[in-house]
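Participant: Below you'll find the structure I mean.
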Amino acid sequence: MKTTDTNAAGQAAHTPGPFTAHDAIPIGGYWRADVRNDKGERLCAVLKRDHLPKTTANANAAFIVTACNAHAGLVALLEEFAAEDSQCRTDWLSLKKRARAALADAKGGSHE
């Protein structure tokens, strides 16, 4: 799996996304739901004991995917908002639409 050693700030960088959750399969007494990148490489595996519902492993993997995929958009939006000095910004509507889209991504919903 290809990763970048550091990002522009010199911090450890993560495997690039987007990511997807894959249906849990039984493995040695556990349900394993994989989180994979767009090349099919496993980023992580979510394990739940097999006496717990398979749906729990799937839901946990889906939550991880939603959070990871929404992260960059939320950070970019907050950085832009935090850098804004003026109370007379002319494109608040544009920023508000982007905020709604970023929140929808973070909640795993649609952009309506």
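The values are calculated or read from the model by the stated rules, or taken from the named source; none is laboratory data. Please read all numbers here as calculations on a predicted model, not as lab measurements. Here the Cβ positions follow ideal geometry from the backbone for every residue, glycine too, while neighbour counts run over all protein chains shown.
Participant: Could you say which residue among Lys39, Lys97 is basic (Lys, Arg) and closer than 25 Å to Thr15 by Cα? Show your work before the answer.
Facilitator: On the way: Lys97 fails: closer than 25 Å to Thr15 by Cα.
None of the others qualify; the one that does is Lys39.
Participant: Separate question: I'd like to check something: does segment 44-67 contain any residue that is at pLDDT 90 or above and surrounded by fewer than 10 Cβ atoms within 10 Å (Cβ to Cβ)?
Facilitator: No, that holds for no residue.
Participant: Let me ask something else. Restricting to segment 3-42, give me the number of residues that are among the aliphatic types (A, V, I, L, M) and modelled with pLDDT of 90 or more. Outline the logic, then answer.
Facilitator: Filtering segment 3-42 for residues among the aliphatic types (A, V, I, L, M) gives 8-9, 12-13, 21, 24-25, 27, 33, 35.
Add one more test, that the residue is modelled with pLDDT of 90 or more, and what stays is 21, 24-25, 27, 33, 35.
Within segment 3-42, residues that are among the aliphatic types (A, V, I, L, M) and modelled with pLDDT of 90 or more number 6.
Participant: Which of (1) in a helix (DSSP H, G or I); (2) modelled with pLDDT of 85 or more; (3) surrounded by 12 or more Cβ atoms within 10 Å (Cβ to Cβ) is the odd one out, the single condition Arg98 does not satisfy?
Facilitator: (2)
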